[in-house]
Amino acid sequence: RLVYVLNGPNLNLLGKRQPHIYGSETLADVESGCRALAAELGLALRFLQSNHEGQVVDWIHEAREAAGGIAINPAAHTHTSVAILDALNAFDGPVIEVHISNVHKREPFRHHSYVSLRADGVIAGFGTQGYGLALRRLATLIDAKAE
Ligand code: DQA
């Protein structure tokens, strides 16, 4: 029950970047919260961030062999990346898309997501709590698949 939590561009600046939109928690804070919850849920975790689209694609390929599920905040690539959509389409397990902000309340270009064409669920506007919700959902979906 290994899950990948993937984070796209600029999320390394979480806590410093537009805190009125994304809050004051850092990505390291989000990671430690995810690690505590994963332990509770009996999930093993790889928590990763890259500013490079191809790196995210490579991690999704790696997850094909290694992981039971993926939680992904593709950040700006959400709205542009056919490559990340295609990579996720080559992954068999559950995929949950996470956005810290409510993208539907923001600029129109954030209203469309390529990744949503693949995601089993989408969480937006729950702040960094959305990551925990995604892990809980992945645990449920991975168990349902194993039955
Ligand atoms: C985001 C929303 C995206 O539109 C934006 O480009 C991000 C972060 C979010 O978590 O709210 O970088 O995915």
* Structure fact -> Whole-Hz Karplus couplings 3J(HN,Hα) for the stretch 133-147, θ = phi - 60° and coefficients 6.51, -1.76, 1.60, Gly and Pro as x, run 4, 5, 5, 4, 5, 4, 4, 4, 5, 5, 5, 4, 5, 6, 6
* Asked: Based on Cβ point charges of +1 for Lys and Arg and -1 for Asp and Glu, what charge dipole magnitude is obtained for the chain about its Cα centre, in debye rounded to the nearest 20?
  -> 380
* Farthest toward positive dipole pole in the chain [+1 Lys/Arg, -1 Asp/Glu at C-beta], among 111, 47, 134 -> 111
* To do: Give the shape of the chain as rounded, prolate or oblate, defined through the alpha-carbon gyration tensor: a ≥ b ≥ c are the square roots of its eigenvalues, a/c under 1.5 means rounded, and otherwise the shape is prolate if a/b is larger than b/c and oblate if not.
  => oblate
* Structure fact -> So the FRET efficiency between residue 90 and residue 39, C-beta based with R0 = 30 Å and rounded to 0.05, is 0.55
* To do: Multiply the residue separation of residue 133 and residue 24 by 0.36 nm, subtract the distance between their alpha-carbon atoms, and state the gained length in nm to one decimal.
  => 37.3 nm
* **For residue 50, net neighbour charge (Lys/Arg +1, Asp/Glu -1) across residues whose Cβ lies under 15 Å away** => -3
* Summing +1 for each Lys or Arg and -1 for each Asp or Glu, what net charge is found among the other residues whose Cβ lies under 12 Å from the Cβ of residue 75? -> 0
* Taking H as built 1.01 Å from N, whose amide H comes closer than 5 Å to the amide H of residue 126, not counting residues under 5 places away? -> none
* Starting from the stretch 38-147, pick out the trypsin sites (Lys or Arg not before Pro) whose DSSP state is loop and whose Cβ has at most 16 other Cβ atoms within 10 Å. => 106
* Structure fact -> Amide H neighbours of residue 45 at under 5 Å, excluding residues fewer than 5 places away on the same chain, with H built from the backbone geometry, are 3
* Structure fact -> By the C-alpha gyration tensor axes a ≥ b ≥ c (rounded if a/c is under 1.5, else prolate when a/b exceeds b/c, else oblate), the shape of the stretch 15-90 is oblate
* Asked: Given 0.36 nm per residue, what is the gain on full extension from residue 144 to residue 48 after removing their alpha carbon distance, in nm?
  -> 32.0 nm
* To do: For each of 101, 113, count neighbouring Cβ atoms within 10 Å of the residue's Cβ, then give the residues from fewest to most.
  => 101, 113
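Taken together, the values in this text are just the output of simple stated rules run on the coordinates, not laboratory data. Here the structure is a predicted model, which is why all the values come from computation and not from measurement. Don't worry about glycine lacking a Cβ; one is built from the backbone with ideal geometry, like all the others, and counts go over all protein chains shown.
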